[in-house]
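> If you scroll down you'll find the structure; I have some questions about it.
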Amino acid sequence: MTPRAGGSTQAPTAAAWDTGTIMTVLPLLPPLPSAPPSTIDEPATATRGDAGPIALGRGEAEPNARARHRAALPPRHLADLDLAARRAAVEALGGAPFRANQLSTHYFGRLVRDPDAMTDIPATDRARLTEALLPRLLTPVRELACDGGATRKNLWRLHDGSLVESVLMGYPDRVTVCVSSQAGCGMACPFCATGQAGLTRNLSTAEIVDQVAWFAEVAARGVLPGSPPRLSHVVFMGMGEPLANYTRVIDAVRRLAAPAPEGLGLSQRHITVSTVGLVPAIERMIAEDLSVTLALSLHAPDDDLRDELVPVNQRWKVAEVLDAVWRYAAHSGRRISIEYAMIRDVNDQPWRADLLGALLSGRLAHVNLIPLNPTPGSRWDASPKPVEREFVRRLRAAGVATTVRDTRGREIDGACGQLAAAEVEL
């Protein structure tokens with residue numbers, strides 16, 4: 001869904017692109033009533049988790065003006081809380097604490113949202129508890145499918161009108177969901193549809209988790225042709241910079257990995273978190289003792305170009321960012337995924353391939369080259385295939401594992417931010 005693993009050009013996949021695929025518009029589900037939003041305000045500026053705003057360095061892009069408003073928090077949801085906090089919340093609502101386990105089993109274990117299906121909870125308790133702890137967070141605006149139904153993209157409207165996107169991708173051996181962590185993005189990468197839209201606000205932990213839970217239920221219905229009926233992989237490569245919403249993203253990772261009824265029971269090794277290179281947040285991740293894959297959206301091996309393509313590079317240069325991800329790799333034992341969008345006549349020169357190979361040679365890293373999926377009106381275009389092949393050849397000659405990401409979702413605006421942008425323009 002992104003050229004970096006957290007920005008946006010297209011849905012990540014290892015499957016071949018089917019040029020004969022026909023787009024399908026799926027029927028929308030009727031919206032359910034949701035609890036009123038909290039009256040607690042939070043700033044919607046780009047933040048380094050909950051540690052305060054990221055101070056912009058000289059020359060860094062200011063967040064989009066609309067990002068400076070204060071947005072009401074979404075309603076509290078069961079997925080915002082750990083199991084102990086859920087029990088306390090249920091008790092505060094006058095219910096027996098074990099009802100929290102039952103609610104959690106329905107949501108995380110059985111992927112059930114309909115209160116009427118929760119027949120092990122008395123009807124009087126059911127209505128009160130589901131209204132308070134299972135409010136509707138995501139309302140489908142558009143649901144599109146391609147690749148014979150194996151790729152599905154949703155545009156969601158949140159409680160405050162913000163728009164976010166996520167993509168479900170079915171493969172013969174796995175089912176992957178690509179989720180958003182912010183509404184919009186404040187990183188201002190010029191080739192990214194989301195970055196050009198600016199940041200609206202961070203998503204809550206539950207708004208992130210609910211994207212996964214929603215698509216886990218879709219997969220469980222067996223509607224993805226030729227794929228297992230269980231969602232197994234999550235990539236934080238949708239809208240937003242995940243590490244700029246640090247605390248909620250890490251909480252979401254823990255919720256996704258916790259066994260039911262506390263969470264979805266996914267393997268941390270099947271979760272990938274992307275970043276443009278927020279060094280202090282990467283250092284915090286090391287201390288979390290996680291085993292998730294870290295994906296670095298590099299896009300240029302030299303500071304001169306990366307300052308333009310990834311403006312946060314004006315704060316943390318290539319060498320400093322790479323040092324941080326190598327420390328994460330050493331601590332976690334996990335290979336770093338280097339995301340590199342191939343942009344015609346911009347970052348695809350042979351000498352840049354050689355420089356990238358020199359930087360990565362001998363490191364625990366894998367390069368994922370991404371053919372750019374141009375957004376409407378963009379001056380950026382994908383590198384020609386001969387140029388791409390030469391780039392791959394030079395990296396492999398340097399001993400660097402390299403693959404080219406085959407693309408899905410072009411006909412359903414697979415680049416994250418494209419559906420949201422189109423909706424705003426209507």
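The values are calculated or read from the model by the stated rules, or taken from the named source; none is laboratory data. Predicted, not measured: the structure shown is a model, and the values here were computed from it. Neighbour counts run over all protein chains shown; Cβ positions are idealised from the backbone, glycine included. Quick note on the areas: whole protein, heavy atoms, side chains included, nothing else; ligands and nucleic acids left out. Shrake-Rupley method; radii C 1.70, N 1.55, O 1.52, S 1.80 Å.
> Please go through (1) part of a helix (DSSP H, G or I); (2) of a type in the set (A, V, I, L, M); (3) closer than 17 Å to Ser361 by Cα for Ile282 and return the number of the only condition it doesn't satisfy.
Evaluating Ile282 over (1) part of a helix (DSSP H, G or I); (2) of a type in the set (A, V, I, L, M); (3) closer than 17 Å to Ser361 by Cα leaves (3) as the failure.
> Of all residues in segment 118-129 being touching a His at 6+ places or on another chain (Cβ under 9 Å) and open to solvent by less than 50 Å² (accessible area, probe 1.4 Å), which is nearest to Leu231 (Cα to Cα)? Spell out the reasoning first.
Residues of segment 118-129 touching a His at 6+ places or on another chain (Cβ under 9 Å): 118, 120-121.
The next check asks that each one be open to solvent by less than 50 Å² (accessible area, probe 1.4 Å); those that pass are 118, 121.
On the way: Met118: 22, Ile121: 27 Å.
For segment 118-129, the residue satisfying everything is Met118.
> Could you look through segment 285-322, keep only residues that are closer than 30 Å to Ala84 by Cβ, not aliphatic (A, V, I, L, M) and not in a strand (DSSP E or B), and pick out the one that is nearest to the chain's Cα centre (by Cα)?
To start, the set of residues in segment 285-322 that are closer than 30 Å to Ala84 by Cβ comprises 285-294.
So of that shortlist, the ones also not aliphatic (A, V, I, L, M) come out as 288-289, 291, 293.
Next, only the ones that are not in a strand (DSSP E or B) stay: 288-289, 291.
On the way: Glu288: 19, Asp289: 20, Ser291: 17 Å.
Per the criteria, the residue is Ser291.
One line per residue, one yes/no per condition, for (1) touching a strand residue (DSSP E or B) at 6+ places or on another chain (Cβ under 8 Å); (2) over 18 Å from Gly263 (Cβ atoms); (3) touching a residue at least 12 places away in the same chain (Cβ under 8 Å):
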| position | (1), (2), (3) |
| --- | --- |
| Ala72 | yes, yes, yes |
| Ala100 | no, no, yes |
| Gly109 | no, no, yes |
| Asp116 | no, yes, no |
| Thr119 | no, yes, no |
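> Looking at segment 398-412, can you tell me whether even one residue there is at pLDDT below 95, open to solvent by less than 60 Å² (accessible area, probe 1.4 Å), assigned to a strand (DSSP E or B) and basic (Lys, Arg)?
yes
> Quick one: in segment 352-367, of everything that is in contact with a Lys or Arg (Cβ under 7 Å, 6 or more places away or on another chain) and open to solvent by less than 20 Å² (accessible area, probe 1.4 Å), which residue is nearest to Leu305 (Cα to Cα)? Explain how you work it out, then say what you get.
Taking segment 352-367 and keeping what is in contact with a Lys or Arg (Cβ under 7 Å, 6 or more places away or on another chain), we get 353-354, 357, 364-366.
Add one more test, that the residue is open to solvent by less than 20 Å² (accessible area, probe 1.4 Å), and what stays is 353, 357, 365.
On the way: Ala353: 13, Gly357: 17, Ala365: 21 Å.
Per the criteria, the residue is Ala353.
> Does segment 251-277 hold any residues that are surrounded by fewer than 22 Cβ atoms within 10 Å (Cβ to Cβ) and assigned to a helix (DSSP H, G or I), and which are they?
Asp251, Arg254, Ala257, Gln268, Arg269, His270
> From the list Ala216, Ala220, Ala206, pick out the single residue that is touching a His at 6+ places or on another chain (Cβ under 7 Å) and under 30 Å from Pro97 (Cβ atoms).
Ala206
> Take segment 119-144 and flag every residue that is within 19 Å of the chain's Cα centre (by Cα), not in a loop (DSSP other than H, G, I, E, B) and not basic (Lys, Arg). Before you say what the answer is, go through the steps one by one.
Taking segment 119-144 first, the residues within 19 Å of the chain's Cα centre (by Cα) are 137-144.
Now restrict to residues that are not in a loop (DSSP other than H, G, I, E, B): 139-144.
If the condition is that a residue be within 19 Å of the chain's Cα centre (by Cα), not in a loop (DSSP other than H, G, I, E, B) and not basic (Lys, Arg), then Thr139, Pro140, Val141, Glu143, Leu144 are the ones that fit.
> When you look at Glu217, is it among the acidic types (Asp, Glu), modelled with pLDDT of 95 or more and closer than 21 Å to His270 by Cβ, yes or no?
On the way: among the acidic types (Asp, Glu): yes; modelled with pLDDT of 95 or more: yes; closer than 21 Å to His270 by Cβ: yes.
Considered against the rule, which asks whether it is among the acidic types (Asp, Glu), modelled with pLDDT of 95 or more and closer than 21 Å to His270 by Cβ, Glu217 comes out as yes.
> Does segment 342-351 contain at least one residue that is within 20 Å of Ala281 (Cβ to Cβ) and either assigned to a helix (DSSP H, G or I) or open to solvent by 30 Å² or more (accessible area, probe 1.4 Å) (or both)? Before you say what the answer is, go through the steps one by one.
Here is the first cut: in segment 342-351, the residues within 20 Å of Ala281 (Cβ to Cβ) are none.
No, there is no match, as no residue in segment 342-351 is within 20 Å of Ala281 (Cβ to Cβ) and either assigned to a helix (DSSP H, G or I) or open to solvent by 30 Å² or more (accessible area, probe 1.4 Å) (or both).
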